[in-house]
Amino acid sequence: MTAEEYIKDKLTKTCPCTQVTRLKIKEAIAGGADSLDKIKQATGAMTGCCKGRRCRGSIEEMLKDSKNE
């Protein structure tokens with residue numbers, strides 16, 4: 001990951017309801033969170049007022065991308 005990607009991931013709120021960043025989700029995936037439930041448990045994403053309606057698609061895409069690597 002380049003420095004530019006790191007900064008972008010650190011500043012991008014994937015889950016705006018709980019302020020979970022893209023970086024935190026990527027770290028959870030790298031740490032073994034291989035399902036939406038595990039990501040939810042590790043990061044708190046998808047637990048806000050919308051219950052994942054706003055961020056679930058982005059998180060699913062990140063999870064899919066990690067499995068293709």
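Each value in this text was obtained by applying a stated rule to the coordinates, not by laboratory testing. These figures come from a predicted structure and were not determined experimentally. So basically every Cβ, Gly included, is an ideal-geometry build from the backbone, and we count neighbours across all protein chains shown.
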Check your understanding: In whole Hz, what ³J(HN,Hα) sequence does the range 59-67 give by Karplus (6.51, -1.76, 1.60; θ = phi - 60°), x for Gly and Pro?
Key -> 5, 4, 5, 5, 5, 4, 4, 5, 6
Check your understanding: Which value in nm describes the separation of the simple spin-label points at residue 5 and residue 36, placed 7 Å from the Cα toward the beta carbon?
Key -> 2.6 nm
Revision key, fill the gap. Karplus ³J(HN,Hα) for the range 5-14 (6.51 cos²θ - 1.76 cosθ + 1.60, θ = phi - 60°; Hz, whole; x = Gly/Pro) runs 5, 4, 5, 4, 5, 5, 8, 7, 8, 6
Point to revise | Computed [θ] at 222 nm, deg cm²/dmol, the chain (DSSP H ≥ 4; -39,500 (n - 2.57); rounded to nearest 500) | key: -16000 deg cm²/dmol
Revision key, fill the gap. In whole Hz, the Karplus estimates of ³J(HN,Hα) for the range 36-48 (6.51, -1.76, 1.60; θ = phi - 60°; x where Gly or Pro) are 4, 4, 5, 5, 4, 5, 6, 10, x, 5, 6, 10, x
Check your understanding: Which value, in debye to the nearest 20, describes the size of the charge dipole of the chain about its Cα centre when Lys and Arg Cβ atoms bear +1, Asp and Glu Cβ atoms bear -1, and nothing else is charged?
Key -> 380 debye
Review point. How high is the relative contact order of the range 11-67, given as a whole-number percent (alpha carbon pairs under 8 Å, six or more residues apart)?
Key: 36 percent
Study note, to complete from the structure: Note, residue 51: beta-carbon cut-off 14 Å, +1 each Lys/Arg, -1 each Asp/Glu, net +3
Check your understanding: For the chain, which span is the longest to avoid every loop-located (per DSSP) member of trypsin sites (Lys or Arg not before Pro) having at most 12 other Cβ atoms inside 10 Å?
Key -> 1-50
Practice item. Starting from the eigenvalues of the Cα gyration tensor, five times each then square-rooted, give me the equivalent ellipsoid semi-axes of the chain, largest first, whole Å. Key: 18, 15, 10
